[in-house]
Amino acid sequence: MPSRLRDMTDDDVVGAGTLHTLRYYDGTSRAVIVTDRETAFPTGELIVSQTDRDGIITMCNNAFVLMSGWSRDELMGSPHSILRHPDMPRAAFADLWTTVNQGRRWTGYVKNLRKDGGFYWVFATVIPKVAGDEIVGHTSVRRQPSRRRVEAAAQLYASMLAEEPSSGVAL
């Protein structure tokens with residue numbers, strides 16, 4: 001189980017892609033190759049995962065494995081940011097982490113990166129798991145987003161990214 005995310009290679013990707021470097025909050029970075037290939041969210045399914053308090057995946061359902069393109073063994077023990085797509089602005093994840101670390105539920109539209117370089121959109125709900133007075137992890141449930149809302153989110157995120165410094169830091 002990886003403690004650091006590995007760089008993507010041409011062998012991972014289906015089709016032509018563009019290389020991006022993501023820089024994470026802990027100072028690490030990862031090369032990702034992104035294509036314009038979208039995978040449709042499976043109708044009637046829910047993607048479910050759980051993480052520890054640091055965002056390390058501790059449970060994922062079959063829909064999560066299928067949509068991400070990663071094997072269950074590759075996902076378990078990996079940071080949830082393995083799905084970070086470079087089209088997602090830092091502010092979206094900052095809002096997510098601020099909200100759940102205050103013990104509140106977060107909802108939003110997220111563009112996720114697949115192992116093969118493609119992507120898929122979700123409407124995500126992230127709920128902190130609390131034991132006593134301490135947040136011990138998070139549960140994320142993703143469902144099929146409306147196309148109209150995805151288009152609006154994509155436009156908003158593009159304008160947010162245009163205003164970000166080019167450091168590429170992921171949260």
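May I ask for the Rg/Rh ratio of the chain, computed from Cα atoms with Rh as the Kirkwood radius, given to two decimals?
Taking Rg over the Kirkwood Rh, I get 0.93.
Quick check: with the 1.4 Å probe, what order do THR43, THR125, THR98 take by accessible area, largest first?
Largest accessible area first, the list is THR43, THR98, THR125.
Report P(r) for the range 99-171: all Cα-Cα distances, bin width 10 Å, range 0 to the bin holding the largest distance, values in whole percent.
P(r) over the range 99-171, rounded to whole percents: 16, 37, 36, 10, 0.
Roughly to the nearest percent, how much of the accessible area of the range 3-131 is carbon and sulfur, given a 1.4 Å probe?
Exposed carbon and sulfur together represent 50 percent of the surface.
In deg cm²/dmol, rounded to 500, what helix-only [θ] at 222 nm does the chain give when every DSSP H run of at least 4 residues adds -39500 (n - 2.57) and the total is split over its residues?
Using -39500 (n - 2.57) per qualifying helix, the result is -7000 deg cm²/dmol.
Just grab the label-to-label distance for GLU163 and GLN102, each label 7 Å out from Cα along the Cβ direction, in nm (one decimal).
1.9
Under a 1.4 Å probe, what is the accessible area of the chain per residue, stated in Å²?
52
The values are calculated or read from the model by the stated rules, or taken from the named source; none is laboratory data. Keep in mind the model is a prediction, meaning the values are calculated, not measured. Cβ sites come from the backbone with ideal geometry, for glycine too, and all protein chains shown count toward neighbours. Note: areas computed on protein heavy atoms with side chains; ligands, DNA, RNA excluded. Shrake-Rupley method; radii C 1.70, N 1.55, O 1.52, S 1.80 Å.
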